[in-house]
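The values are calculated or read from the model by the stated rules, or taken from the named source; none is laboratory data. This is a predicted model, so every value here is computed, not measured. Neighbour counts run over all protein chains shown; Cβ positions are idealised from the backbone, glycine included.
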């Protein structure tokens, strides 16, 4: 009977251990994804001041929600902005492109609110939000085709009235990234089309975007002269920026393809660093892989203010390189273990994201698949939101943040109080670009508590500008074309319960264990019977 009891106990332990498998998102230490964006087809009365036609007091509804950005404010508050829209229920009278906002403070979510009207419908609202020590939230965003800056006190950001008037940063642009240093200097990056000069054609990417930079010591009211950081013959897109504890500015971006114009081919990732808060910049460092191209370059800052970059290749591998001297020299490319990229077709809009906790560990948030899930064919099933940790010498196993029937994209991660992770991303019904009128984009949030002590943020202060730079004209933009908004969707089921494959797999696994258990029990019974004879 002792053997039988051991077998039954083992079976029970196996059964209990199944929900803790890293392949199950709902059983991880991340909270169940919460929909930040308005529920599907939620109707609302829009009261704008002044009320623009054709809405007035007519019933309208929020449209798709995508491209979120995330910042951490005082008291661990979480501030999320994203590209949203209000569309007429009649479906034939246009709509409004909007910067949407929602806040998580003291465990409670604020209502959804639109804080900036950016354009009539059809222009993607790219955005990047940071929390500054001047006590304000700052957002760099695309309004129609121009790049502008807005800000608001962090504790009143829910109200549209609290936000400043938009200040022009560039007459044109698409991708944006905003950073802020300990002295409240804002660091703005954006991709902007540059016309080919006479006698200097760019055959691989004619009239494509380069990456530009400006800084502001006046809270975004006045900006320094724009600098072309890339000045390349290729397209430059998807900038990301991190500012370390020494106020050195680290920037990365993708080079080779300009998604906005549709020209060029992916080539490499690029890194540049400024040691004097954006006044001058070190020569670029290029990240390449033999016989492949690099995209989705992201940057994190590990302990000791040492940068690490992660990127994927067109063939679907995930690579990383790190520096032990602040970005002067870099390790050779190496594969991030345990993960593969999502289907590389049609994901030019995706990105990875990294953030650092209070002990200097770097947390990577990406979309892809764990390699432990054998038989998974990228693209055949929806990809997953994955979380990995770099401790300065090695990577953790991937942890699933979300896995269900939705296709996630554009993940962003941040750390509050040094010991709590926050992740946002958007989902769609099908992978690649929206191809169905039922497709609808939705923004989600999840969090995870770390087993680390809480760290205190730097105190807020009133900055005193040292030098007031004069406003300077930006580069001449390429005449843009509207970016179409995806069609409205029918009601989509919310994320709840385990994935369908999980529900089907557990009974199958239990049945698969019955035969070997039966054989062992039979052998045991036969031996007992022979002893009695």
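Working carefully through the options 389, 310, find the one that is outside any loop (DSSP other than H, G, I, E, B) and either modelled with pLDDT under 95 or within 26 Å of residue 124 (Cβ to Cβ) (or both).
Within the list 389, 310, the selection yields 310.
Out of (1) in contact with a helix residue (DSSP H, G or I) (Cβ under 7 Å, 6 or more places away or on another chain); (2) under 20 Å from residue 462 (Cα atoms); (3) surrounded by fewer than 23 Cβ atoms within 10 Å (Cβ to Cβ); (4) touching a residue at least 40 places away in the same chain (Cβ under 8 Å), what's the single condition that is false for residue 222?
(1)
Does residue 259 count as surrounded by fewer than 21 Cβ atoms within 10 Å (Cβ to Cβ), touching a residue at least 60 places away in the same chain (Cβ under 8 Å) and either assigned by TED's automatic domain parsing to the domain that holds residue 182 or closer than 25 Å to residue 192 by Cβ (or both)?
yes
Going by the structure shown, is residue 281 in the same structural domain as residue 223 (by TED's automatic domain parsing), assigned to a loop (DSSP other than H, G, I, E, B) and under 25 Å from residue 227 (Cα atoms)?
Taking the combined requirement at face value, the residue satisfies it.
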